[in-house]
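What follows is a short report on a single structure.
Computed from the coordinates by the stated procedures, all read-outs in this text should not be read as laboratory data. Nothing here was measured: the structure is a model prediction, and the numbers come from that model. With ideal geometry, Cβ positions are generated from the backbone for all residues, glycine too; neighbour counts draw on all protein chains shown.
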Amino acid sequence: MGYVLKLRQLVGHQPLVVAGAAIMAQNSTGQVLLVYRTDNHCWGLPAGSTEPGESVQQTARRELKEETGLTVGDLTLIDVFSGPKMHYQYPNGDVIDSVTTLYRATTRGGKLVQATDETSTAKFFDLAALPEPLTPLTRWMLLGR
């Protein structure tokens, strides 16, 4: 059980400030890898919460591997996202104010996995033709709206 899930046992649905990372993993043609999430039924970037003792770079790599089976080379920092647009309520009622570090990287290994505990599909898309619905956080990080 992860750190945030353990906190949820103590605080219920109360808002939590959660540090995490997301990764804009791209293939050799520049397409972006998105996953279809089973909790909110939206497409999003591979992302997740940072565990105690873990760097945000480690979080980005771990979440990509867990959610897609893929690995990447060097990480390039895009930005750190926080504030009102990073306030999110999950379908189960949990509320977070996320501080998410977004990285860009090119995929370099692994085998694309289609289903995990959190996702049902992983697929590459052109930035000009992203699928709907996107998670609100992914929409803001990729499209600025």
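Rounded to the nearest whole Hz, the Karplus-based 3J(HN,Hα) values (6.51 cos²θ - 1.76 cosθ + 1.60, θ = phi - 60°) of region 10-20 follow the sequence 8, 10, x, 8, 3, x, 10, 8, 10, 7, x, with x at glycine and proline. Electrostatic bookkeeping for His41 treats Lys and Arg as +1 and Asp and Glu as -1; over the other residues with beta carbon under 14 Å from its beta carbon, the sum is -2. Placing +1 on the Cβ of every Lys and Arg and -1 on the Cβ of every Asp and Glu, with no other charges, gives region 6-145 a dipole of roughly 180 debye about its Cα centre. Less than 5 angstrom separates the built amide H of Val18 from those of Asp97, Ser98, Val99, all sequence-distant by 5 or more or on a different chain. Dividing the mean sequence gap of close Cα pairs (under 8 Å, 6+ apart) by how many residues the chain holds gives a relative contact order of 32 percent. Restricting the calculation to alpha carbons of the chain gives Rg and Dmax of 14.3, 45 angstrom.
Under unit Cβ charges (Lys, Arg +1; Asp, Glu -1), what dipole magnitude, rounded to 20 debye, does region 12-89 have relative to its Cα centre?
The calculated dipole for region 12-89 is roughly 120 debye.
Within the straight-line cut-off of under 27 Å between alpha carbons, the lysines reachable from Lys111 are Lys65, Lys123, sequence neighbours fewer than 8 places apart in one chain being disregarded. In sequence order, region 91-108 has phi-based couplings of x, 7, x, 5, 10, 10, 10, 8, 10, 10, 8, 9, 10, 10, 7, 9, 5, 9 Hz under the Karplus curve 6.51 cos²θ - 1.76 cosθ + 1.60, θ = phi - 60°, and Gly or Pro positions carry x. With neighbour counts taken as other beta-carbon atoms within 10 Å, the residues Ile96, Ile23 rank, fewest first, as Ile96, Ile23.
The amide H of Val72, built 1.01 Å from its N in the peptide plane, has Arg108 as neighbours under 5 Å, considering only residues 5 or more places off or on other chains.
Among the DSSP beta bridges whose two residues both lie in the chain, what percent are antiparallel, rounded to the nearest 5? Mind dumping the intermediate values first?
Details: 23 of 35 bridges.
Bridges in the chain are about 65 percent antiparallel.
Sorting Trp140, Trp43 from the fewest to the most surrounding beta carbons within 10 angstrom yields Trp140, Trp43. The local environment of Ala25, defined by Cβ-Cβ distances under 11 Å, has a net charge of +2 under the rule Lys, Arg +1 and Asp, Glu -1.
Please say if region 54-97 is rounded, prolate or oblate, where rounded means a/c under 1.5 for a ≥ b ≥ c the square roots of the C-alpha gyration tensor eigenvalues, and otherwise the choice is prolate for a/b larger than b/c and oblate otherwise? Provide the component values of the computation, followed by the final result.
Numbers: a/c = 2.92, a/b = 1.56, b/c = 1.87.
Oblate shape, in that a/c is at least 1.5 and b/c is the bigger or equal ratio.
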